[in-house]
Amino acid sequence: MGNYKYFTDLLSNIEPSKTTKSYVSSIQKNLREYLNRHEKYKSKHLDTFISGSYAKQTSIRPTLNEEKQDVDIVVVTNYKKDTPPIQILNELKEVLSNNSKYKKVRLQSKSVGVEMANYHIDVVPVIIEDNQFYIGDSEKDVWILTNPKEHISWSAKTNLKNEDKFKPLVKIFKWWRKQRKTENLKLPKGILLEKIIADNIGDPKYDIENLLVTTMNNIIANYQAEYIDKGLIPSVYDPALQENDLLKEYTLADFSKFLEIIQQDLVTVKSNQFSIESWNQVLGPSPSKSLEEIQEDYSLSIKIEMDKILDQVIDKSIRLSTEIKEYTNKKIEVEKRERSIQEKEDEVKYNIYIGFLQDAHRSLSDTIIKGLGREYWLNIIKTLNSINEKRNRVFQGYEHSYLATIYKALELDLEYYNSLCSMVEDNFFLSIYEVKYVIENTFYRTTLKEALKVSIKEGDYSDTMESFREALKLLEENS
């Protein structure tokens, strides 16, 4: 096979950035400290710890179109089974809602959800009886045996047993799953996916590419003939709770499709001699390419297409040299196609650039943005403006939020303020932190207040309108 560098680069580039890891670390640290120090809740609070993929170090970086990542925080309380789960959840929700950092808090069946920028936090209260963890289900009013710490320990032991290749393999499978994710397709995820990999992992002496292929082969060999072909669904048991079948919530059709996709992908890479191109088909385009490399690749493809068009024109002009009228028509057709290609190139370039600003908005600190240089960012924005003018369109509200992040980092207060006004005019959610920056650093409060008053719709209590009302209130308090 011999694609060592491809998989090394893949693992490097699907790893969450240092900025992402640092931000997640600060989110969970601040929340844990808040609960531990809360005047009333500290008497109920025994411990908190992060769980899930970040705790197991199997998380992967968010994709461009991914809305939010999940972060799981377990809260160990001193309650017992005689307390209804809904009471504990309501209390935790109230405590979190009292903190101004956690404005969007909602009750869920087994946890309290907290929405933050780019992240959804599941805060899960549990109790301890007989040295065992229990999680409450408020809908069924029952306590369910659980063991989140054992999942973390099991993952570490499995990784050590497999020469530190289990976790990298899990990350590749998670990345593969993202490329296959569709609305109507239920593929194994989380601890179920990890357990399937662990139960079928190949020989760890192999490099990661061989290990991936042998594991995929093993999954097919161990489940297809013995179960799926007989109309049966296998059992995959929780490594922390052996009586818990992780596949019980999946249908035969779900699991059959999972195996079918793996089989198809194996055929793709094997029939193409495990080429990098075939791996790109299976795992998606390598995320390692920079913006410049993507542009170069696309420019090359455009050039090849243009060359083909020109060759066609030359061939036809030779054969039809006496047919002036037809030649003229062909020339017009080529010009139309050239314009179409230019429009497509502009569209791709626009999506690349706006996606790059989105990544900066989500993941880069002000220091990093500023360090790349003002000219660097303004050239990107200038290009986007130029394409917008050709396409007779304007920036949308969510795009103005990306621009605002860049302008704020570059200390371009006027441009930053104009972006906020555009967000308001376009009815796009306005963060209270953005408004605070206007108060502290600019002199445009009056105009922004008027823009907010015009945009606020009476009787509309959506998140966007609520953000406008909060912003207006803050501006009026600081006038």
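Values in this text are rule-based calculations from the coordinates and carry no lab data. Just so it is clear, the model here is predicted, and its values are computed rather than measured. Cβ sites come from the backbone with ideal geometry, for glycine too, and all protein chains shown count toward neighbours.
A few points about this structure:
- Of the three principal axes defined by the Cα atoms of region 14-146, the extents in descending order read 45, 30, 24 Å.
- For Phe133, the amide hydrogen comes within under 5 Å of the amide hydrogens of Thr146, counting only partners 5 or more places away or on other chains and with H modelled in the peptide plane.
- Among 465-471, 11-17, 375-381, sorting by the average number of other beta carbon atoms lying within 10 angstrom of each residue, highest first, gives 465-471, 11-17, 375-381.
- Sites Glu335 and Phe429 - FRET efficiency at Förster radius 35 Å, r taken between beta-carbons, to 0.05: 0.20
- Here the label points at Gln108 and Ser153, each 7 Å from Cα along the C-beta direction, are separated by 2.5 nm in the simple model.
- With a Förster radius of 45 Å applied to the C-beta separation of Asp229 and Glu33, the computed FRET efficiency comes to 0.25.
- For the chain, averaging the sequence separation of C-alpha pairs within contact (under 8 Å, six or more residues apart) and dividing by the residue count gives a relative contact order of 10 percent.
- The phi torsions of region 134-147, fed into the Karplus equation with coefficients 6.51, -1.76 and 1.60 and a -60° offset, translate into couplings of 10, 10, x, 10, 5, 6, 9, 6, 9, 9, 10, 5, 8, 7 Hz, rounded to whole numbers, with Gly and Pro shown as x.
- Electrostatic tally near Asp47: other residues with Cβ closer than 13 Å to its Cβ, Lys and Arg +1, Asp and Glu -1, net +3.
- Length available on full extension from Arg391 to Asp207: 0.36 nm per residue minus the Cα-Cα distance, which gives 61.4 nm.
- Only helices enter this figure: runs of n ≥ 4 DSSP H residues, each worth -39500 (n - 2.57), summed and divided by the residues of the chain, yield -19500 deg cm²/dmol at 222 nm to the nearest 500.
- Across region 459-465, rounded Karplus estimates of 3J(HN,Hα) from the backbone phi angles (6.51 cos²θ - 1.76 cosθ + 1.60, θ = phi - 60°) give x, 9, 10, 6, 4, 5, 5 Hz, Gly and Pro being marked x.
- In sequence order, calculated HN-Hα J values of region 412-425 (Karplus, 6.51, -1.76, 1.60; Hz; x Gly/Pro): 9, 5, 5, 5, 4, 4, 4, 5, 4, 4, 5, 4, 5, 4
- Long-range HN-HN contacts of Arg61 with modeled amide H, under 5 Å: Glu15
- Point-to-point label distance, Ala221-Glu343, nm (Cα→Cβ direction, 7 Å offset): 5.4 nm
- Projected label distance in nm at Glu260 and Gln132, using a 7 Å step from Cα toward the beta-carbon: 3.9 nm
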